[in-house]
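Asker: Pasting in a structure now, in structure tokens, and then I'll have a few things to ask.
The values are calculated or read from the model by the stated rules, or taken from the named source; none is laboratory data. Owing to the predicted nature of the structure, the values given are computational and were not obtained by experimental measurement. Note that each Cβ is placed from the backbone with ideal geometry, even for glycine, and that neighbours are counted across all protein chains shown.
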């Protein structure tokens, strides 16, 4: 699988790194691929609030590529999309319900999740870094 990061879309929030530290790192304030052969890249791509991570199956892998449950094959050289997670989706990522916490990606500070406000849209009240969802 070929993995690309659209540097123009990437905001360097670090959500992808928290989900897939084996495959992605932050360099010069933007996400960068460390290893494109790790399984967590699909989850990282789906969690990117700006859709900056692009996964493409190359021709050799297209026939043998095992698509995870909940995903569909869109063809050789095309992006792998989660069903219902296309360009017209209204909210980013996977909704985790009303309970849980938002956790800072930098200092680990937790705040109670506020219904209707995605964690990735909130900033840490202590250090100003992006928050991610945790239950």
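Asker: Checking residue 10 against (1) surrounded by fewer than 16 Cβ atoms within 10 Å (Cβ to Cβ); (2) in a loop (DSSP other than H, G, I, E, B), which single condition isn't satisfied?
Answerer: (1) is the only condition that residue 10 fails.
Asker: Checking residue 14 against (1) touching a helix residue (DSSP H, G or I) at 6+ places or on another chain (Cβ under 8 Å); (2) modelled with pLDDT of 90 or more: exactly one of these is not met. Which one?
Answerer: (1)
Asker: Given the criterion modelled with pLDDT of 90 or more and either more than 11 Å from the chain's Cα centre (by Cα) or in the same structural domain as residue 121 (by TED's automatic domain parsing) (or both), identify the matching residue among 26, 19. If you could, list the steps in order and put the result at the bottom.
Answerer: Details: 19 fails: either more than 11 Å from the chain's Cα centre (by Cα) or in the same structural domain as residue 121 (by TED's automatic domain parsing) (or both).
Result of the check over 26, 19: 26.
Asker: State whether the residues of segment 126-135 include one that is at pLDDT below 80 and either out of contact with any strand residue (DSSP E or B) (no Cβ under 6 Å at 6 or more places or on another chain) or closer than 26 Å to residue 55 by Cα (or both). Break it down stepwise before answering.
Answerer: Step one: filter segment 126-135 for residues at pLDDT below 80, giving 134-135.
Subsequent filtering for residues that are either out of contact with any strand residue (DSSP E or B) (no Cβ under 6 Å at 6 or more places or on another chain) or closer than 26 Å to residue 55 by Cα (or both) retains 134-135.
Taking every residue of segment 126-135 in turn, at least one turns out to be at pLDDT below 80 and either out of contact with any strand residue (DSSP E or B) (no Cβ under 6 Å at 6 or more places or on another chain) or closer than 26 Å to residue 55 by Cα (or both).
Asker: So which of 50, 123 ends up being outside the structural domain of residue 10 (by TED's automatic domain parsing) and at pLDDT 85 or above? Even if it seems obvious, please write down each step before you answer.
Answerer: Values: 50 fails: outside the structural domain of residue 10 (by TED's automatic domain parsing).
From the options 50, 123, the qualifying one is 123.
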